[in-house]
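A short worksheet on the structure shown next.
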């Protein structure tokens, strides 16, 4: 299922937690791991002078500099590289999100692994809002699932065995479900199908009675059953659950309470158009807050 | 006498913790991985568990998940002791997180408070 993993890294501490997951997965699933780093952004189009993403200095690009950066990456991951089997370091120049997507098209990985936001520095080329904009752009356009480790705490699971799939019954969610079910079957995972009933924004100005909420929960459970139960053959252990609240909080809470080691959600395409590269705000918040890795699926 | 289960793949840490706890009036048992830890825990029902995060095979958070599914084990307090940074919230319901190298007095204080002795 994971033969090729593209780990997009800034090769700094900010992505160390994602690195733990990437190296661990590569080892556990015997995958080839591409360690991909964008070293600099050209100061002008096609310029040989680039702004180094780590030092923030302008440097003249030549083979020697690229080799030096590769060596730096090797040093940064010395410990992991000792035990890793099939790894390849790749360095590129350009805008990080574009280069990561280009690499994804060329290398055709089964999964892209990324860290969350990088550092506090306002001048970082990765920039960040709630989740880094590099991440937002990659997640939106990636040809394969994107696994994100934002909180350090999310990186200590050592593999996947208990998956929470968060659904909002959208078409995008169906694609994410396909991936979740395949993953659960291939890796013999427990699978939780979870829907959060949004009682925050939808009914502004009106407070639902608990009877109304629980009627809606029942409806949603029936919907989950109707939509997903036929595909549950071959899944050893599964649960259907609906909780009311603020969706992203409920997903994070549900995953925590059930000790999930992975959350799978659709990258939300509703309400996004044109240049708007934001992830759906729910998955964005889940990525930021989750205590386990989150896989975002956009197609 | 209160019983502490030490789950850690590093024999040096097990040695160190065993001596530390036994010198301070606790009995100890040790397990080197998650599987062994669960088997011993079920048999011995310890009063407290110290848990490492990264171990070969399964990792600490999964030990916690499995023990919380066991009726006899789910209320046993867990102290996470790990050499990895950023693991503070890796086991959300642990009573404490200590990163190696840790202060022995701090650990003993937490153990004492947790066990209420």
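Coordinate-derived values only; no laboratory data. Quick caveat, the model's predicted, so the values are computed rather than measured. Here the Cβ positions follow ideal geometry from the backbone for every residue, glycine too, while neighbour counts run over all protein chains shown.
Structure notes:
- Annotation for the range B:31-56 versus the range A:165-205: alpha-carbon center distance of 33 Å.
- Length released on extending from residue A:211 to residue A:281, taking residue separation times 0.36 nm less the Cα-Cα span: 22.4 nm
- For chain B, the relative contact order comes to 22 percent (Cα pairs under 8 Å, sequence separation of at least 6).
- The relative contact order of chain A comes to 20 percent, based on Cα pairs under 8 Å that sit 6 or more residues apart.
- With a simple spin-label model that places each label point 7 Å from the Cα along the Cα-to-Cβ direction, the separation between residue B:23 and residue B:100 comes to 1.8 nm.
- The range B:57-101 has equivalent-ellipsoid semi-axes of 20, 11, 8 Å, by the square roots of 5 times the alpha carbon gyration tensor eigenvalues, sorted largest first.
- Modelled label reach - residue B:9, point 7 Å along Cα→Cβ, the range B:50-85 residues with backbone N closer than 20 Å: B:50-67, B:79-85
- Approximate shape of the range A:4-155 as ellipsoid semi-axes (Cα gyration tensor, √5λ), whole Å, largest first: 23, 18, 15
- Overall dimensions of the range B:3-115 as given by Cα atoms, namely Rg and Dmax in Å: 12.5, 33
- Of all DSSP beta bridges in the range A:1-126, antiparallel share, percent nearest 5: 25
- Against chain A, whose longest principal axis is taken from its Cα atoms, helix A:96-107 shows a tilt of about 90°.
- The DSSP beta bridges internal to the protein assembly as shown are antiparallel in roughly 15% of cases.
- Helix A:210-228 axis versus longest C-alpha principal axis of chain A: approximately 70°, rounded to the nearest ten.
- Fraction of C-alpha pairs exceeding 18 angstrom in the range A:162-297: 54 percent, rounded to a whole number.
- Selected from A:40, A:236, A:115 as most flexible by GNM, with chain A as the system and alpha-carbon contacts under 10 Å: A:236
- Only Cα sites of chain A enter the Debye sum here, all with the same form factor; the resulting log10 I(q)/I(0) across q = 0.07, 0.12, 0.13, 0.15 1/Å is -0.28, -0.77, -0.89, -1.13, listed in q order.
- Counting only alpha carbon atoms, the long axis of helix A:16-28 and the longest principal axis of chain A meet at about 80°.
- Here the contact order of the range A:4-155, divided by its residue count and restricted to Cα pairs under 8 Å and six or more residues apart, works out to 31 percent.
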